[in-house]
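Encoded as C-alpha cells, the structure appears first; notes follow it.
The values are calculated or read from the model by the stated rules, or taken from the named source; none is laboratory data. On a predicted model such as this, the values are computed, not experimentally measured, just so you know. Every residue, glycine as well, gets a Cβ built from its backbone with ideal geometry; the counts of neighbours run over all protein chains shown. Surface areas here come from the heavy atoms of the whole protein model, side chains and all, with no ligands, DNA or RNA. Shrake-Rupley method; radii C 1.70, N 1.55, O 1.52, S 1.80 Å.
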Amino acid sequence: MVRWKEKEGIDTMERMLVISDIHGELEKFERLLEMARYDANLDQLLLLGDYIDRGPHSKEVLAKVRDLQQSGAIVLMGNHEKMMLDAYRNEEKAVERWFRNGAKQTLLSYGCAEEEAEGLPAAIRWTDELLDAISFVDKLPYYYETEDYIFVHAGVEPGVPLADCDPHKLVWIRGEFHEGYGGPKTVIFGHSRTKSLHGSDGVYFGTNSIIGIDGGCVYGGRLNCLELPSRHIYYIE
C-alpha cells in the first residue's frame, strides 16, 4: 500500500484546494479549477479519488489528473480506481463489481466497442491505453497527512492508527467512520455523497472533525472544491 506524508514545502503554499469524486465529468472539473483560480505555483491541489466511471470522459479526466500530478497535485486512490485494479488482477467477482459501478462508461471512453461494454464481457480487452492507466493508478497513495489534516477517499478506521488502517476501508468505509471518528486531526473525505450526510449537496462539516466534500456531481449534484485553511467553498452544478 502506498502512503504519503506531508511533503517538504507544503507550508509555503497559500492555499490547499481539495476536490473528490469527479467521475468522468471533465468539463465541470476544468470549470471548477478555473473558478477557484488554481495556480500550481501558489496552491496545493489535493484530489481524493474516483476520477473514473459513470461519467462520460473518464479517460480525459484521468489524463488531466496525471498532468496535474506532474505539476505538483497530490492524487489519491479512490474505490473506483481500486475496482479497476481488482478487475485487471481478476480478483473474485471484481469484474462484476466494477461493472455494477460504472465500468462501461470508462471502457467506452478508452475506445471499447459499445457492444463489448453493454453487458458483462467474458473478458475485458485491456488495450495499451488501459494498461497505461492501470500502471498509473496502481501507484496512487491511499491517504495524505499533514500536521492538521488527514486526506483520504472514504475515511479512516476509528481508533486505529492511520498507518495500520485497512486499505480497503480507506476507500470504502462509511457509517463506522462518520459516526465513530474522534481523532485529533480533521479528516477531509469524499466517497459518501453529502446529501446522505446532511441532506444537501454542499460540503458537510461534521461535529466530530470530519469534512465530506462529495456533492454527487455525476448524479446531477455539485462538484465541490474546499479551500483550506479558510474553508471557503467553490462549486459547479
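Things worth noting here:
- Members of region 24-57 that are assigned to a loop (DSSP other than H, G, I, E, B), open to solvent by 10 Å² or more (accessible area, probe 1.4 Å) and not small (G, A, S): E25, R37, Y38, D39, N41, L42, R54, P56, H57
- No other residue among S192, S230, S209, S196 is at positive phi and hydroxyl-bearing (S, T, Y) apart from S209.
- Filtered residues of region 66-76 (kept if touching a residue at least 24 places away in the same chain (Cβ under 8 Å) and in a helix (DSSP H, G or I)): R66, L68
- Taking region 15-64 as the range and being touching a strand residue (DSSP E or B) at 6+ places or on another chain (Cβ under 6 Å) and of a type in the set (V, I, T) as the test, the residues that pass are V18, I19.
- Applying a threshold of 6 Å to beta carbon distances and a minimum spacing of six or more residues, or different chains, the list of pairs starting in region 176-203 at a residue that is under 18 Å from Y219 (Cα atoms) and ending at one that is surrounded by fewer than 17 Cβ atoms within 10 Å (Cβ to Cβ) and of a type in the set (V, I, T) reads V203/I233.
- For region 20-31, the condition of being aromatic (F, W, Y) and within 15 Å of the chain's Cα centre (by Cα) holds for at least one residue.
- Test: residue in region 77-89 that is within 15 Å of I124 (Cβ to Cβ) and open to solvent by 60 Å² or more (accessible area, probe 1.4 Å): yes
- Residue in region 77-84 that is outside any helix (DSSP H, G or I) and modelled with pLDDT of 95 or more present: yes
- Selected residue (criterion: most open to solvent (accessible area, probe 1.4 Å)) from residues of region 184-215 that are out of contact with any helix residue (DSSP H, G or I) (no Cβ under 6 Å at 6 or more places or on another chain) and small (G, A, S): S196
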